[in-house]
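Data first, discussion second: the structure below is written as structure tokens.
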């Protein structure tokens, strides 16, 4: 039996009565109360997530940017110090090795934030591609990542730092003391679509940070939030989840990530993606809302009115905000127009849904 990795705050989650589940090799909290309650707390107030299972790599040295430009689809040369960008690592076939965040900490020092399930794969991939001698350091195990998300996030944590959080623009970050902890990366990013911040903290200070945030956030009704609500929140906004909506077999153009695929420089697989763009796509990732009762699930077939399969569901759930089933899935290009009526085969029964422009909420 494979033993699960424990994050620094495992004991705190258990003491709070969280339901713990294995996720990407880690023992993680899926919920503390109910997914719906936690979801609505983030949409309306503020929630605190422990996402310390994510991976962090430092790439530095005079060839750091060259390695990032070679391996990622976005253009990291556009980043100023203190800016972050969403990007993806690509393989020679144009498939997605992983989606990630790139932070420019100094002129020649970057941090990459990768998915928990891909830490080892991404690390090995970067080492394999590092023909230019950039310096790589895997700081995943000694880094704790906390996310404070929701419209009242600023109010919840402003008292813990001298940084004016309301002045921190989306996808920018600063390094400052937080709750008395020096050199915390405070980043205006997140995976919920409700605004807020992500904090990169040395794991040894994780407990101090968690307790300080919960105390300072009491006035706005902050609550701990598990991975269950993280999934429903991101799905309402149409954000991709690696292993569901994107993978080594899917490409960023079909996944609606053309906006992070820049062809002004060559990167691994860029020639394949360029040719695909010129030729035209055959399928596309779309969002949909169920018109009738039913919850779509991963791998359910998507069919047309005649019953012919036109695609497949990659993610699905019940939306707490819409009180309806929602999902993402790949469908043939001609069927991908918003407003188009489709059917999801739920236990072999076709249930009506409509393709909607993202975000769904």
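The values are calculated or read from the model by the stated rules, or taken from the named source; none is laboratory data. This is a predicted model, so every value here is computed, not measured. Cβ sites come from the backbone with ideal geometry, for glycine too, and all protein chains shown count toward neighbours.
Note on the stretch 157-177: residues that are in contact (Cβ under 8 Å) with a residue 40 or more places away in the chain and under 19 Å from residue 85 (Cα atoms) amount to 5.
Considering the stretch 118-227, the qualifying strands (runs of 3 or more DSSP E), each wholly inside and each with 3 or more residues that are crowded, with 22+ Cβ neighbours inside 10 Å, run over 143-149, 181-187, 196-202. Is it the case that residue 246 is within 19 Å of residue 342 (Cβ to Cβ), modelled with pLDDT of 95 or more and in contact with a strand residue (DSSP E or B) (Cβ under 7 Å, 6 or more places away or on another chain)? Judged against the criteria, residue 246 is not a match. Of all residues in the stretch 258-266, none satisfies being more than 15 Å from residue 92 (Cα to Cα), surrounded by 19 or more Cβ atoms within 10 Å (Cβ to Cβ), in contact (Cβ under 8 Å) with a residue 60 or more places away in the chain and not assigned by TED's automatic domain parsing to the domain that holds residue 321. Here is the figure for the stretch 299-334: residues that are surrounded by fewer than 20 Cβ atoms within 10 Å (Cβ to Cβ) and within 19 Å of residue 252 (Cα to Cα) total 4.
Which residue out of 217, 196, 180 is over 17 Å from residue 13 (Cβ atoms), in contact (Cβ under 8 Å) with a residue 40 or more places away in the chain and not assigned by TED's automatic domain parsing to the domain that holds residue 83? Break it down stepwise before answering.
On the way: 217 fails: over 17 Å from residue 13 (Cβ atoms); 180 fails: in contact (Cβ under 8 Å) with a residue 40 or more places away in the chain.
Selected residue: 196, the only one of 217, 196, 180 that is over 17 Å from residue 13 (Cβ atoms), in contact (Cβ under 8 Å) with a residue 40 or more places away in the chain and not assigned by TED's automatic domain parsing to the domain that holds residue 83.
Count of the stretch 233-269 residues, restricted to those that are over 26 Å from residue 65 (Cα atoms) and not in a loop (DSSP other than H, G, I, E, B), is 5. Apart from one condition, residue 295 fits all of (1) part of a loop (DSSP other than H, G, I, E, B); (2) under 28 Å from residue 262 (Cα atoms); (3) in contact with a strand residue (DSSP E or B) (Cβ under 6 Å, 6 or more places away or on another chain); the exception is (2). Just give me the residues in the stretch 1-33 being free of Cβ contacts under 8 Å to residues at least 60 places away in the same chain, surrounded by 15 or more Cβ atoms within 10 Å (Cβ to Cβ) and assigned to a loop (DSSP other than H, G, I, E, B), in sequence order. If the condition is that a residue be free of Cβ contacts under 8 Å to residues at least 60 places away in the same chain, surrounded by 15 or more Cβ atoms within 10 Å (Cβ to Cβ) and assigned to a loop (DSSP other than H, G, I, E, B), then 4 is the only one that fits. Among (1) under 17 Å from residue 190 (Cβ atoms); (2) in contact with a helix residue (DSSP H, G or I) (Cβ under 8 Å, 6 or more places away or on another chain), which single condition is residue 170 missing? That leaves (2) as the condition not met. The numbered conditions (1) out of contact with any strand residue (DSSP E or B) (no Cβ under 7 Å at 6 or more places or on another chain); (2) under 30 Å from residue 34 (Cβ atoms); (3) touching a residue at least 60 places away in the same chain (Cβ under 8 Å) are all true for residue 347 except (3). Output the residues belonging to the stretch 122-156 that are out of contact with any strand residue (DSSP E or B) (no Cβ under 7 Å at 6 or more places or on another chain) and either in the same structural domain as residue 169 (by TED's automatic domain parsing) or touching a residue at least 24 places away in the same chain (Cβ under 8 Å) (or both). 129, 132, 133, 141, 151, 152, 154, 155 - these are the residues of the stretch 122-156 that are out of contact with any strand residue (DSSP E or B) (no Cβ under 7 Å at 6 or more places or on another chain) and either in the same structural domain as residue 169 (by TED's automatic domain parsing) or touching a residue at least 24 places away in the same chain (Cβ under 8 Å) (or both). If the condition is being within 20 Å of residue 281 (Cβ to Cβ) and without any contact (Cβ under 8 Å) to a residue 40 or more places away in the chain, then the stretch 320-336 contributes 334, 335.
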